[in-house]
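To start, the structure itself, in structure tokens.
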Amino acid sequence: MFVQQLDKLTLDSCLADIPSYDFEVQITTLGKVVADTFHENPQLPGVMITSDNKIIGMISRVQFFERLSRPYGLDVFLNRPIKILWEIIAKSEKLLDAETLVKRYLLLSADCSINQAAELALKRPGTFIYEPIVIAFPDRRWRLVDIQVLLLAQSRLFSLAKQTAEAANKAKSEFLANMSHELRTPLNSVIGFAQILSQDTSFEPEQQEHLRIINRSGEHLLSLINNILEMSKIEAGQITVNETNFDLQTVLQDMQDMFCLKVQKKGLQFVLEADSDLPQYISADEGKLRQVLINLISNGVKFTKIGKVILRAKVEEIENNHQLQLEVEDTGPGIAQEELNKLFVPFEQTTAGHQIRQGTGLGLAITEKFIKLMGGDITTKSTLGVGTCFQLSIPIGLSSPQTFPSRRGKGKVIGLAAKQPEYRILVVDDQVDNGLLLLDLLVSVGFSVQQAINGREATEIWKAWRPHLIWMDLHMPEMDGYEATKQIRQWESQLDQPFSTKIIALTASVFQEKREEVLSSGFDDYMVKPFQEELIWEKMNQYLGVELIYQQSDGANDRKRQKTIGDRQQVTSEDLSVILKDMPSEWLSELHKASSELRGKKVMQLIKDIPSEKEAIAAQLKSFAENYQFDRILKLLNFS
């Protein structure tokens, strides 16, 4: 007898690997012998009948005792050869002869997969569904498998498959998290420095265009990476609905502002048609709604060469529930009816998509997933040569007016407002380029900044310097951001004088960390790289109350800015050169060297050495430095 435990099964197990029995008799064996064996071995599921090394038939334990229980069954079957009982059972099927019945419904190869065997067993005629199966081994041995054991084995395989899938999914998630970090980290530097350099007015138009190309290419690559990671997060079930109260009309206006220049460059129109009764404040997932609209509008702008893209919005009450009804319509080439089913399939593209050779085929797939997550639905109408219209409906709640933080750009930050305390800021990042980007940005405004390349350095600096805010990278060698933050929080709790550092997590991985997990680890907030400069200032204001001075674009605003920074008057180059002559020669030499090497951080440090009575020169030099106009500083130094 051959028996193996089910817990030893693996995903590639077959019938030969599950518990089986070898109760075999000849056609001449008396029924009494079979009955005695069943009584002595209650685990046996049946009996195999063989003759001349061939399987003639099989009688299950249940069938055997059911026949004995019939009138005269004991007399008929106990004292006669077992072949009589088998012949009666085989003939009762009426459809097949005994040999065909065995081959088709009872006999399976030992290498047959467990799942396939279970499927075949359950498709047998009703009288055989729960009968044992005969396993044929290559060496002409046979074993019986109980159908119940077979189904338990199949259940075990399902469990193993689930565990394997979860392990594979976790491995994929970890791989994508690492790839996300590796790809987004250098992108952070590429996009960040391209944005900073694009503000330098000393570059020629051709060089400015090259910088714009770098920035656009970086943004495009980032978009592709984000789409792939977003789809992976959806597949892994890591995307959830985050419902908040927000200003719907602002979101719609943002869409118009965002695509205004793009449609103008293509000679198109962007039309926003909002219902006159459209509520201003609603409750839904603002982030996903924005992404859905961006994806759909981008799609329309991308494919439309002549005409317009229309965004329509209204709210309807359906069975006491409010539904946000949105339409994004374009006058593009349209989509053939036979291709409409490709729209929301990942990596699938229509004929028009292949022709323009843009994108990954993920934008609309992510859009549909987001809409479904929010409990909504999306449909498509399209006519070739006329255009396409996406219609979506999303359940929402109505909200009362609230104060929503504005994220509209206020212009370039050029300094700290007057009478601000000296804020100590620590930047922690193992990637030198990324740290330098944030370092230059903060120093140029006037913050006191130090840098660390891992968590261990960060904790040592904290003990000696007590920064007000830390920008903390999460994944670093020696000690990561999680452990460093944990230690800092422990030390804070042991201080005699209360002191709490604001710690904002920075990561290039959008897949691995969840906001809730990060915040529960001692961080005050969480930001994903690459980040926009505007968001940095927003967080600084939120957590430190920092007040900043913004550069305005028109004359009236320029006057307001000058009044804000203390009614300082602009000074001429001659005035500056005269004042510079009074500075120490060593200081002038260091400033010249730092400016010629474009070392903004060093220049800002030297500017701090200028006496308070020479505030005018300090302000002007600082303005040159923060706008990367080092050539103007060098001209002043040479003139003086």
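The values are calculated or read from the model by the stated rules, or taken from the named source; none is laboratory data. Just so you know, these numbers come straight off a predicted model, no measurement behind them. Reconstructed Cβ throughout: ideal geometry from the backbone, glycine too, with neighbour counts over all protein chains shown.
Table for the structure above
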{"item": "Which numbered condition Asp430 fails, given (1) assigned to a helix (DSSP H, G or I); (2) in contact (Cβ under 8 Å) with a residue 40 or more places away in the chain; (3) more than 21 Å from Leu544 (Cα to Cα)", "result": "(1)"}
{"item": "Qualifying positions in the range 436-456 - of a type in the set (Ser, Thr, Tyr) and either surrounded by 22 or more Cβ atoms within 10 Å (Cβ to Cβ) or part of a helix (DSSP H, G or I) (or both)", "result": "Ser444"}
{"item": "Lys369 being modelled with pLDDT of 75 or more, farther than 30 Å from Val443 by Cβ and assigned to a strand (DSSP E or B)", "result": "no"}
{"item": "Qualifying residues in the range 132-145 (those that are surrounded by fewer than 23 Cβ atoms within 10 Å (Cβ to Cβ) and of a type in the set (D, E, K, R)) - the one modelled with the highest pLDDT", "result": "Arg141"}
{"item": "Neighbours by Cβ (under 7 Å, 6+ apart or cross-chain): first from the range 362-381, at negative phi and surrounded by 15 or more Cβ atoms within 10 Å (Cβ to Cβ); second assigned to a strand (DSSP E or B) and acidic (Asp, Glu)", "result": "Ile371/Asp377"}
{"item": "For Glu230: the one exception among (1) under 20 Å from Phe370 (Cβ atoms); (2) at pLDDT 70 or above; (3) surrounded by 18 or more Cβ atoms within 10 Å (Cβ to Cβ)", "result": "(2)"}
{"item": "One residue from Gln154, Gln195 being modelled with pLDDT of 90 or more and buried (at least 16 other Cβ atoms within 10 Å of the Cβ)", "result": "Gln154"}
{"item": "Qualifying residue in the range 303-326 (condition: within 20 Å of Lys381 (Cα to Cα), of a type in the set (A, V, I, L, M) and assigned to a helix (DSSP H, G or I))", "result": "no"}
{"item": "All positions within the range 80-101 that are crowded, with 16+ Cβ neighbours inside 10 Å and among the charged types (D, E, K, R)", "result": "Lys83"}
{"item": "Helices (runs of 4 or more DSSP H) (entirely within the range 568-610) containing at least 2 residues that are surrounded by fewer than 16 Cβ atoms within 10 Å (Cβ to Cβ), modelled with pLDDT under 80 and not hydrophobic (A, V, I, L, M, F, W, C)", "result": "573-580, 585-596"}
{"item": "The one condition in (1) modelled with pLDDT of 75 or more; (2) out of contact with any Leu (no Cβ under 9 Å at 6 or more places or on another chain); (3) among the polar types (S, T, N, Q) that Asn627 fails to fulfil", "result": "(1)"}
{"item": "Residue within the range 409-426 that is more than 30 Å from Glu533 (Cα to Cα), modelled with pLDDT of 85 or more and in contact with a Lys or Arg (Cβ under 8 Å, 6 or more places away or on another chain) present", "result": "no"}
{"item": "Residue that is surrounded by the most Cβ atoms within 10 Å (Cβ to Cβ), among those in the range 259-287 that are over 24 Å from Ile394 (Cβ atoms) and of a type in the set (S, T, N, Q)", "result": "Gln269"}
{"item": "Test result for Gly376, modelled with pLDDT of 90 or more and closer than 22 Å to Glu329 by Cβ", "result": "yes"}
{"item": "Qualifying residue in the range 457-470 (condition: more than 20 Å from Asn541 (Cα to Cα), outside any helix (DSSP H, G or I) and not hydrophobic (A, V, I, L, M, F, W, C))", "result": "no"}
{"item": "Residues of the range 102-131 classified as surrounded by 13 or more Cβ atoms within 10 Å (Cβ to Cβ), in contact (Cβ under 8 Å) with a residue 12 or more places away in the chain and part of a helix (DSSP H, G or I), total", "result": "10"}
{"item": "Yes/no for Val190 being buried (at least 18 other Cβ atoms within 10 Å of the Cβ), touching a Phe, Trp or Tyr at 6+ places or on another chain (Cβ under 6 Å), modelled with pLDDT of 75 or more and of a type in the set (A, V, I, L, M)", "result": "no"}
{"item": "Within the range 7-90, helices (runs of 4 or more DSSP H) holding 1 or more residues that are in contact (Cβ under 8 Å) with a residue 40 or more places away in the chain and small (Gly, Ala, Ser)", "result": "31-40"}
